[in-house]
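Below is one structure; the comments refer to it alone.
No value in this document is a laboratory result; all are computed from the given coordinates. Because the structure is predicted, anything quoted here is derived from the model rather than measured. When we count neighbours, we look across all protein chains shown, and the Cβ atoms used for this are built from the backbone with ideal geometry, even at glycine.
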Amino acid sequence: MVYFVGAGPGAEDLITVRGERLLKEAQVVIYAGSLVNPELLKGVREGCEVYNSAYMTLEEVMETIIEAEKKGRMTVRLHTGDPCLYGAVREQMDILDREGIPYESCPGVSSFCGAAAALNLEYTLPDVSQSVVITRMEGRTPVPGRESVRAFAEHGATMVLFLSAGLLKELAEQLLLGGFKEDTPAAIVYKATWPEEESHVCTVGTLKETAEKYGITKTALIIVGEAVRHRQYQRSKLYDPGFSTGFRKEAGR
Ligand code: SAH
């Protein structure tokens, strides 16, 4: 059996209880060493084989999993954050399907949640934005043309950019073309929830210089939108005394 497990954004106590249990039971662990906190591997059982997939190809990863399966061993494939975002998990699952090897996914806390926590942000503030666009700049991995940052920026929704910390000049250009302003609030969160976490609030116009000032080139998320500064928003309807819900009657009724 194979478990795809979300390791969480970095802090060793931000893996789920289920993920931690699976890690403790695993006989083989293949972890994404570029971003998974190695402290998470402290609890693996004696004799567990541990591989760092940062040094492996897809073929090598799959060979390791298939070998383990032949020996009746349980494998945890440990991915950073939640495996469903930029996790390259589907290609592994398709091979397992072909091989007839069963697998299951265990979610994790994505880094975009870790970044919100670092800044105490609510991405979906009433009257500011009710949507979060999770996307990336095009790098070596292409992004479909209809999903350009510029096209998404036109919505004015809160945006969270993965894998883009090295492309901030181009990112700011796209954001401005899409209608954000030089002074639209933005933030750079480096290594959210790790001990070395840093978060810097800036603007679209100062993204690049802010990253340069703090020497941030990778392992960072960029957040864009008025939600970052939360200067003007409406209070929630849910907790408004003048609003009845299925659980609570409007005050005075
Ligand atoms: N599946 C992961 C994302 C993997 S893609 C998740 O759910 O978070 C790798 C990118 O995620 C990095 O380039 C960076 O942009 C972002 N990232 C991952 N962990 C991060 C962290 N702790 N802080 C800030 N960004 C992080």
* Inter-site label distance for Val50 and Asp240 at 7 Å from Cα along Cβ, in nm -> 5.3
* Rounded to the nearest 500, what is the 222 nm mean residue ellipticity of the chain from helices alone, with -39500 (n - 2.57) per DSSP H run of 4+ residues and division by all residues? => -7000 deg cm²/dmol
* Asked: Working out 0.36 nm times the residue gap between Leu58 and Glu250, then minus their Cα-Cα distance, what length gain in nm do you get to one decimal?
  -> 63.4 nm
* **Amide H contacts of Val50 (H built 1.01 Å from N, under 5 Å, at least 5 apart or other chain)** => Val29
* Structure fact -> The size of the Cβ-based charge dipole (Lys, Arg +1; Asp, Glu -1) of the chain about the Cα centre, to the nearest 20 debye, is 700
* Can you give the translational diffusion coefficient of the range 46-164 in µm²/s, computed by Stokes-Einstein from the Kirkwood radius over Cα pairs at 37 °C and 0.692 mPa s? -> 191
* FRET efficiency for Val143 and Glu39, using Cβ-Cβ distance with R0 set to 30 Å, rounded to 0.05 -> 0.35
* Spatially proximal aspartates and glutamates relative to Lys249 (Cα-Cα < 19 Å; intrachain offsets below 8 disregarded) -> Asp240
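With the cut-off at 24 Å, tell me which of the pairs Lys181/Lys237; Lys169/Lys218; Lys191/Lys237 have Cα atoms farther apart than that.
Lys181/Lys237; Lys191/Lys237
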* Determine one quarter of the surface area of the Cα convex hull of the chain, which equals its mean projected area, and express it in nm² to one decimal. => 16.8
* To do: Would you give the gap between the C-alpha center of the range 17-59 and the C-alpha center of the range 116-151, rounded to a whole Å?
  => 30
* Listed highest first by mean packing, meaning other Cβ atoms within 10 Å per residue, what order do 113-122, 173-182, 227-236, 74-83 come in? -> 74-83, 113-122, 173-182, 227-236
* **Peptide ranges 11-17, 244-250 listed from the most packed, as the mean C-beta count within 10 angstrom indicates** => 11-17, 244-250
